[in-house]
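Below: one structure, written as structure tokens.
The values are calculated or read from the model by the stated rules, or taken from the named source; none is laboratory data. Remember, it's a predicted structure, so these values are computed and weren't measured experimentally. Ideal geometry is used to build each Cβ from the backbone, glycine not excepted, and the neighbour counts take in all protein chains shown.
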């Protein structure tokens, strides 16, 4: 059930095990757009680099050594109590939007299974939030926080700045390119992020303004790694 386009370079082979046909179609749409070769169970012949499965599906581990992403309704504490090997099995809380799942899959293939240091380096924690700067995926106390692509991009630039003030012009250039445009758009996304991250957006603790210099993410509130 693969719809791989010949014009998109293949990134890896993925087996999807999910009973909800609507979800399967959504996953295929986003994953194949990123260049992944997807197969839907029970058509499971051949070797796969990654298996995406609902937690209620029968485990394919007997047939493959592939990394497994399990979509689960378990709480974060329940997942931690399982003590699973994160290099072979990864739990993702559902509902997980297809766009977010595709980003997680893309980040997985980008960093590779052996680059645990890279994974730790892309993870940032602050005040109950966790932000994966590779997958552009934000959670608060284990629950997904919806961010637009631009909001995710601005947040990534700020946290990776590690407290350095970053001018609106620099942020705009990184996200929109060097072409002419309205730099004030950066301020719009800063305000949106503050509404989602700050207890009091009018007195922000995380995303701070340094007048004449730009914006910075408060390094005292930020921790990198797992």
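Which one of 193, 222, 155, 213 is over 16 Å from the mean Cα position of the chain (by Cα), modelled with pLDDT of 90 or more and closer than 30 Å to residue 92 by Cβ? Lay out the reasoning, then the answer.
Numbers: 222 fails: modelled with pLDDT of 90 or more; 155 fails: over 16 Å from the mean Cα position of the chain (by Cα); 213 fails: closer than 30 Å to residue 92 by Cβ.
Selected residue: 193, the only one of 193, 222, 155, 213 that is over 16 Å from the mean Cα position of the chain (by Cα), modelled with pLDDT of 90 or more and closer than 30 Å to residue 92 by Cβ.
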(message) Could you check segment 182-201 and list, in sequence order, the residues that are outside any helix (DSSP H, G or I) and more than 13 Å from residue 169 (Cα to Cα)?
(response) 198, 199, 200, 201
(message) Just checking: which of the strands (runs of 3 or more DSSP E) contained wholly in segment 1-62 hold 3 or more residues that are outside the structural domain of residue 90 (by TED's automatic domain parsing), in contact with a strand residue (DSSP E or B) (Cβ under 9 Å, 6 or more places away or on another chain) and at pLDDT below 85?
(response) none
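Where residues in segment 194-210 are touching a residue at least 40 places away in the same chain (Cβ under 8 Å) and in contact with a helix residue (DSSP H, G or I) (Cβ under 7 Å, 6 or more places away or on another chain), which of them is surrounded by the fewest Cβ atoms within 10 Å (Cβ to Cβ)? First the steps, then the outcome.
We begin by selecting, within segment 194-210, every residue touching a residue at least 40 places away in the same chain (Cβ under 8 Å); these are 196-197, 205-207, 210.
Cutting the leftovers down to in contact with a helix residue (DSSP H, G or I) (Cβ under 7 Å, 6 or more places away or on another chain) gives us 205-207.
Working: 205: 15, 206: 21, 207: 21.
Applying the filter and picking the extreme gives 205.
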(request) Within segment 157-164, identify whether any single residue is in a strand (DSSP E or B) and free of Cβ contacts under 8 Å to residues at least 24 places away in the same chain, and answer yes or no. (result) no
